[in-house]
Structures are given as structure tokens and as C-alpha cells.
1. How far apart, in nm, are the 7 Å Cα→Cβ label points at Val69 and Ala30?
2. What FRET efficiency do you get for Thr50 and Ser5 if R0 is 25 Å and r is their Cβ-Cβ distance, rounded to the nearest 0.05?
3. Obtain the nm distance between the two label points defined at Leu16 and Ala38 by a simple spin-label model: each point lies 7 Å from its Cα along the Cα-to-C-beta direction.
4. Under a 1.4 Å probe, what is the accessible area of the chain per residue, stated in Å²?
5. Over the chain, what percent of the accessible surface lies on carbon and sulfur atoms, probe 1.4 Å?
6. Add -39500 (n - 2.57) for each DSSP H run of 4 or more in the chain, then divide by its residues: what number comes out at 222 nm, to the nearest 500 deg cm²/dmol?
Amino acid sequence: MTSLSELLLPHFSLGLGIGALDAALVPQLAALVDKRHAARYGAVFSLQQTAVSLAYSIGSIFIFILYNV
């Protein structure tokens, strides 16, 4: 794949899927915090966002390594 139009649909689909999963997971995470712990949403949501950011960066590095093999 060398053109922008060939990469547009896969990246859009991946972003849409991750966004839908993230949008569904955050309220569940808040409900879990309400149920089991004190209302410490800041720490929980910062850990969730850190995990998402790490997944994006580590995933990109991993795919780069696999692509060059």
C-alpha cells in the first residue's frame, strides 16, 4: 500500500473500533470504581489513559519490527 487512499479505510476502521471500545469501557470502569473503591476517578482514569497511550506507542513499534522482518 503506497497511496493515502489505500490507507484511509483501514486506519479509519481501526480508529473507529478503538474509539467505540474506549467509549464503552470508560463507563464500566467508573461503575467498577463506584462499586469497589472510594470515588478516586482521577487516578483510575489517568491509568486508563496511560494504558491506551502505551498501547498506541508499543503497538506501532511492534508493527514496525514485524514489517521489517
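1. Computed distance between label sites Val69 and Ala30 equals 4.1 nm.
2. Approximately 0.15, to the nearest 0.05.
3. According to this spin-label approximation, the distance is 4.4 nm.
4. On a per-residue basis, the chain sits at 86 Å².
5. 73
6. The helix-only estimate for the chain comes to -31500 deg cm²/dmol at 222 nm.
The values are calculated or read from the model by the stated rules, or taken from the named source; none is laboratory data. This one's a predicted model, so the numbers in the text were calculated from it and none came from an experiment. All Cβ positions, glycine included, derive from the backbone under ideal geometry; neighbour counts span all protein chains shown. What goes into the accessible areas is simple: the full protein's heavy atoms, side chains included, and nothing from ligands, DNA or RNA. Shrake-Rupley method; radii C 1.70, N 1.55, O 1.52, S 1.80 Å.
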